[in-house]
Amino acid sequence: MTPIRRSLLLRLAWRQSLLRLLLLYAVAVLVGVRLGALPWVLLAVTAGVAARGYWRLLRVTRFLDWRQQLRTVHGQGMWAALETLIHRRQTETRARTRRLVGLLRAYRQAATAMPEGALILDRRSLETIWFNKSARRLLGLRYPQSLGRPLPTLFNDPRVAAFLREGIADEAINDLPSPVDPELRLNLRLLRYSDREWLVVLRDVSQLVRLEQVRRDFVANVSHELRTPLTVVHGYLDMMEPDDNPDWAPMLGEMRRQSQRMGDLLEDLLTLSRLEARDELGDEPVPMQPLLTTLRREAEALSQGRHEIVVDDALAADLTGSPKELHSAFSNLVSNAVRYTPTGGRIAVRWAANADGGATLSVQDSGYGIPAQHIPRLTERFYRVSTSRSRESGGTGLGLSIVKHVLGLHGARLEIESEVGRGSRFSCVFGAARLVPRPSAN
Ligand code: ADP
């Protein structure tokens, strides 16, 4: 009912009631005068009016009780209008409640039927308030016994508690073993949907993890299997002397170059497989002074005097980690700088402190540079800006992938800045936890 119709109904009812009351009292006055007992008749009529009002009030209050539905409206006038309004309000409210309950039930059913596990947690205590069927299966929860249990206590992994306490919403924990079956690998994601509650979504990623493992094993096995035949070919090629058969000399040279390239590729693939299989690399001291000297020597050997090479050791601290892998990563950056810088260019290797207490090893060149759109993809396997330039200079397309993996295993990151035609800077940024003071010389 619209507000206009409602006020019209009330106005009509009000007039009708007043008219009827006036009429009643007019008749009462007439009868009272005729009977000569006006006060008594007026009293009797007033008592009747009051009694009727009281009865209607009783009826209305009874129907205002939520459980009783007002079915018929009695008579006309103000009381009837009031009953009509109550009846309409009741009908509207009931319809709205039914709609909301239906909607709520549908949402609940959808959340319960979701293939992903869903849990609602209390943000402060991290206790479980609600969970769906999939969460029950993935985490071995029981209803209602598991309600109120803090989620981190289910997992034997400190990452979960830290993740939930810090409320990290943009990332996910991947490859988390399920408490019911360690073969079941989960992806856990947090959605901060209200101030007091959090939604945790769990996905079964066992199949993906298995496929990833199969892929890794396949690459590692193929690389390994190819190594022996290649070594044999390599050996025979080395034994063949171009001077014995001068006509074959160009062919022999090309075959040697290509077999060398294949060897380098296999070595890089095996290095990557090895790095991917590790969760961390050692914690040995990595003396930076000799490492920088080696890098200078390698750069000079590769450059053959075509570039100016500068090494700056500006920090009296060393790293901790794996000396072999860190050397391989830095060496890759230096080799790239030499290969992608034309003759006459400058290459600067610098080991220096950062403002946050960490340190950076940077390799800067004045080479070709890299167009901005390629930079985010450089660390992907076999991603090259110019395939021909990479191949000509003996690249495998795996160097920066290896660098990224080695740095990741040291809790460090690779930053790349570059400008086409002016050069590039590759920086390996280490946290303070990876630094140790350099032992004094004496
Ligand atoms: P590659 O073996 O091809 O050098 P990397 O993974 O080491 O493979 O590098 C990937 C690509 O990044 C290279 O092909 C090259 O296009 C680009 N790149 C790497 N370092 C530099 C650099 N210092 N200057 C210009 N481009 C570079």
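The values are calculated or read from the model by the stated rules, or taken from the named source; none is laboratory data. Everything quoted here is computed from the prediction, not taken from an experiment. A quick note on method: Cβ atoms are made from the backbone with ideal geometry, for glycine too, and the neighbour counts reach across all protein chains shown. Please note that ligands, DNA and RNA were not included when accessible areas were found on the heavy atoms of the full protein model with its side chains. Shrake-Rupley method; radii C 1.70, N 1.55, O 1.52, S 1.80 Å.
Could you size up the charge dipole of segment 208-276 around its Cα centre, putting +1 on the beta carbon of Lys and Arg and -1 on that of Asp and Glu, and report it in debye to the nearest 20?
On the way: 8 positive and 13 negative charges, 103 e Å.
With only Lys, Arg, Asp and Glu charged at Cβ, the dipole is about 500 debye.
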- Query: Among Leu265, Leu275, Val232, whose Cα sits farthest toward the positive end of the charge dipole of segment 208-276 (+1 at Cβ of Lys/Arg, -1 at Cβ of Asp/Glu, about the Cα centre)?
  - Reply: Leu275
- Looking at Ala110, Tyr143, Gln76, which one has the Cα that reaches farthest to the positive end of the dipole of segment 66-169 (charges on Cβ: Lys, Arg +1; Asp, Glu -1)? Gln76
- Message: Just the number please: accessible area per residue for segment 284-437, 1.4 Å probe, all protein chains included, in Å².
- Response: 46 Å²
- Task: On the protein heavy atoms, probe 1.4 angstrom, tell me the percent of accessible surface of the chain carried by carbon and sulfur.
- Result: 57 percent
- Query: Picking from Ala37, Ala118, Ala172, which is most flexible by a Gaussian network model of the chain using Cα springs under 10 Å?
  - Reply: Ala37
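Cα gyration tensor of segment 114-204, axes a ≥ b ≥ c as square roots of the eigenvalues: rounded (a/c below 1.5), prolate (a/b > b/c) or oblate? Show your work: numbers first, answer last.
Values: a/c = 1.42, a/b = 1.12, b/c = 1.26.
It comes out rounded by the Cα gyration axes.
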- Would you be so kind as to identify which of Leu43, Ser17, Val403 lies farthest towards the positive end of the dipole of the chain, taking Lys and Arg as +1 and Asp and Glu as -1 on Cβ and the Cα centre as origin? Leu43
- With +1 on each Lys and Arg Cβ and -1 on each Asp and Glu Cβ, how big is the dipole of the chain about its Cα centre, in debye rounded to the nearest 20? 5640 debye
- Note on the structure: Distance in nm between Arg94 and Val311 label points, each 7 Å along Cα→Cβ, equals 8.9 nm
- Note on the structure: Inter-part gap, Cα centre of segment 77-139 to Cα centre of segment 147-164, in whole angstrom, is 28 Å
- Task: For segment 213-251 and segment 296-375, compute the distance between their C-alpha centroids and round to whole Å.
- Result: 31 Å
- Amide H within-cut-off set for Val286, under 5 Å, with H built and near neighbours excluded: Leu319, Thr320, Gly321
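Considering the convex hull of the alpha carbon atoms of the chain, report its projected area averaged over all viewing directions, in nm², one decimal.
On the way: hull surface 162.2 nm².
Average projection, Cα convex hull of the chain: 40.6 nm².
Relative to the Cα centre, what is the charge dipole magnitude of segment 28-156, using +1 at the beta carbon of each Lys and Arg, -1 at the beta carbon of each Asp and Glu, and rounding to the nearest 20 debye? Numbers along the way, then the final one.
Working: 22 positive and 6 negative charges, 69 e Å.
In total the dipole reaches around 340 debye.
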- Using all C-alpha to C-alpha distances in segment 293-442, build P(r) with 10 Å bins and read off the rounded percent in each one. 11, 42, 36, 10, 1, 0
- Query: Over the Cα atoms of segment 249-352, what is the Rg over Rh ratio if Rh follows Kirkwood?
  - Reply: 1.04
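Would you mind getting the accessible area per residue of segment 114-204, heavy atoms of the protein chains only, 1.4 Å probe, in Å²?
Values: 5230 Å² over 91 residues.
Each residue of segment 114-204 exposes 57 Å² on average to a 1.4 Å probe.
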- DSSP H segments from the chain that extend 18 Å or more along their own axis, Cα-based, with Kyte-Doolittle mean of -1.0 or above: 3-35, 38-64, 78-113, 206-239, 249-276, 288-303, 323-339
